[in-house]
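In what follows, a structure is listed as structure tokens, so that the remarks can point back to it.
The values are calculated or read from the model by the stated rules, or taken from the named source; none is laboratory data. Small disclaimer: the values here were computed from a predicted structure and weren't measured. As a convention, Cβ positions derive from the backbone with ideal geometry for all residues, glycine included, and neighbour counts pool all protein chains shown.
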Amino acid sequence: MAFKEWFTVCEALGHGVQDLIIRKGGIHEGKGGFEFIHDEFYLFPTLFHKQAEQIQEPARQWMPGTEKKVWDLGETVLIKYRCSVERCELISDWQQVLELVGRHVYAEELLRDRFDWEGKGMDAGCINVAYVRTEVLEKPIELSYSKAHGGCRSWLEI
């Protein structure tokens, strides 16, 4: 299984700058909402044109040299990292979210938007956090990007 995450966040995890993933969920998570449902997964890097505005230094150094919003069909996507989940929690206290500063590169405004968002089976005023150990793969997995990799969902079978 692979977890879709912004390219820059994948790099922050892979370089040890970040040791957790904070997620509310994608549009296509289903009625039950988002959960970290796998104990181990590969990181599938996604492109998003506003990543630079929604992350903190030092992650901006890893911005892909493109303004593309998505990978092109047939383009090679490198899967370079695998994560193991040490523990997960649903945080419903904004102060606890703020106490995670220094362990991630997400901008506070982005986290507040995610924390306050409600829909697709997820309540406002909470956010999922997975504390992870990230391993750099000896040899990256090369995938040819296809329509099956797209969409606003968090999990992909690769």
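Structure notes:
- Qualifying residue in region 61-72 (condition: at pLDDT 90 or above and surrounded by fewer than 17 Cβ atoms within 10 Å (Cβ to Cβ)): no
- ARG133 vs. criteria charged (D, E, K, R) and in contact (Cβ under 8 Å) with a residue 60 or more places away in the chain: yes
- Against the numbered list (1) surrounded by 12 or more Cβ atoms within 10 Å (Cβ to Cβ); (2) not in a loop (DSSP other than H, G, I, E, B), ALA148 comes up short only at (1).
- Failed criterion for GLN54 (all others in (1) within 24 Å of ILE91 (Cβ to Cβ); (2) modelled with pLDDT of 90 or more; (3) surrounded by 15 or more Cβ atoms within 10 Å (Cβ to Cβ); (4) not hydrophobic (A, V, I, L, M, F, W, C) hold): (2)
- Here the condition is being surrounded by fewer than 14 Cβ atoms within 10 Å (Cβ to Cβ), part of a strand (DSSP E or B) and out of contact with any Ser or Thr (no Cβ under 6 Å at 6 or more places or on another chain); of GLU109, GLU142, GLU86, it holds for GLU86 alone.
- Test: residue in region 131-154 that is under 18 Å from LYS24 (Cα atoms) and at pLDDT 95 or above: yes
- Test: residue in region 138-156 that is without any contact (Cβ under 8 Å) to a residue 60 or more places away in the chain and under 14 Å from ARG82 (Cα atoms): yes
- Looking only at region 118-130, and only at residues there that are modelled with pLDDT under 90 and surrounded by 14 or more Cβ atoms within 10 Å (Cβ to Cβ), the one that is farthest from LEU156 (Cα to Cα): MET122
- Every test in (1) of a type outside the set (A, V, I, L, M); (2) surrounded by 12 or more Cβ atoms within 10 Å (Cβ to Cβ); (3) at pLDDT 90 or above is passed by ASP93 save one, and that test is (2).
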